[in-house]
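Single-structure report; data block below.
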Amino acid sequence: MASFHFIHAADIHLDSPLHGLVRYEGLPFEEVRNATRAAFDNLITFACDEAVDFMLIAGDLFDGDWKDMSTGLYFARAMGKLAAADIPVYLLAGNHDAASDMRKKLPWPRNVQQFKTKPTTHLIPHLHVAIHGQSFATAHVTDNLAVGYPGSIENHFNIGVLHTALSGHEGHATYAPCSVDDLRAKGYDYWALGHVHDHAVHAERPHVVFPGNLQGRHIRETGPKGAVHVEVEDGVVTRLRHVPLDTLRWARVDIDCSGAQTLDDVDTAIRQALARHHASQSEGRPMVVRVVLSGRTPLAGALQERRGRHRDEVCALAAGVAPDLWIEKVQLDVSLPAAAPVKDGVAEDFMAMLAEAQGAPELAAALAEDLAPFLTAARAAGDNDDDGSLAALADRGDWSALLAIAGGALGARLAGREAE
């Protein structure tokens, strides 16, 4: 049996739109907006430089319907480069591809073979390779497609291409659910999966592999992104490596503030953490980072009070580390130490009431009416997402969490423990 090598990619999401980043000043919008194309360019260049024998794309090449034909024309030009290098492409439609009507009108380049919406097998005779797959017919496929795939072809290296979350994966809809045992039952030599955006090898006999998405698009898609390069000799996978092809990287940097005594200590810890992360994780790429401050600290109130301007201060710290290091946001998960004394009885009574309100809905509702201006200010904080920001908590009416923040800031002030 011949020796060969191929690229396995998935979840490219060409021209995926930006969501929510406009709220954060200073971010490199154009770099983020063009990142999926730039990463795809890297994929094409890598395939040509390595002279791979073929490429697999296991779904979600596109990101739903296009605004115009420019996305399709860009893809066609990229495939033309592979055609000139004599590299065929085997393309499976995933859930996002199935949602695109314009995709169905695009004439595919001659080197692109697309799997039909029923089990399909493509043969590469001179390599003795059989590639089996089934495209999504609709955007929501909940059947186990794997059980309908054909059996393996004797004396061939059999590859299954499937867009699936297997038996489930956090953050991904359970499309085309199946188990690793379902895949093993087919007798294939390699399963090229797509849909899950994290690189993972779920089995090695046979190999069951997610390459992850080609380019992180937001803060929930952190770390190196790229494709998988697979080498086969005499019908056996001899080497499998994840090749980072992303052009911009997302990261979350967690900083424990428990030992900080002053706000300057916090800033020093942030600067050092950003420098370490940039040096070890960026690999020369621009980075967009979410900074998360956590821990029990007497500085909790002071940090909450300056949260409105803190992102700008952290952006300045990041700029001092590297010019291509940007801050997406600063998230506060800090709280006061369990025992935070106050100076007089009135303050102590008020703090006790705030503490009681966090577990008493009726008292919290009464305080909500009295503290309506605080709620209005929280809604106007502008940082409205699902991670516990003031605006998000206010929109959800989560008074227990809001009062904890208010109590933290007030407690630090009453206790005379703010650090300047």
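Ala316 versus Val243, label points 7 Å from Cα toward the beta carbon: distance in nm? Modelled inter-label distance: 4.4 nm.
With each label modelled as a point 7 angstrom along the Cα→C-beta vector, the Ala2-Ser294 pair spans 5.1 nm.
A DSSP coil position with no more than 14 other Cβ atoms inside 10 Å describes the following GluC sites (Glu not before Pro) in the range 163-249: Glu170.
How would you rank Lys186, Lys118, going from fewest to most other Cβ atoms within 10 Å of each one's own Cβ? It would help to have the intermediate numbers written out before the result.
On the way: Lys186 18, Lys118 10.
By the 10 Å Cβ count, ascending: Lys118, Lys186.
The slack in the chain from Gln272 to Val201, taken as 0.36 nm per residue of separation less the alpha-carbon distance, amounts to 22.2 nm. Maximal additional length on extending the Tyr74-Asp234 stretch stands at 53.9 nm, based on 0.36 nm per residue less the C-alpha distance. A P(r) calculated from all alpha carbon pairs of the range 132-275, with 10 Å bins opening at zero, reads 10, 31, 28, 15, 9, 5, 1 percent.
Full extension of the segment from Trp108 to Glu154, taken as 0.36 nm per residue of separation minus the current Cα-Cα distance, would add 13.5 nm.
The DSSP beta bridges internal to the range 4-244 are antiparallel in roughly 50% of cases. Residue order for Asp60, Asp324, Asp246, Asp15, fewest other beta carbons within 10 angstrom first, comes to Asp324, Asp15, Asp246, Asp60.
Coordinate-derived values only; no laboratory data. Remember, it's a predicted structure, so these values are computed and weren't measured experimentally. For neighbour counting, all protein chains shown are included, and Cβ atoms are generated from backbone atoms with ideal geometry for every residue, glycine included.
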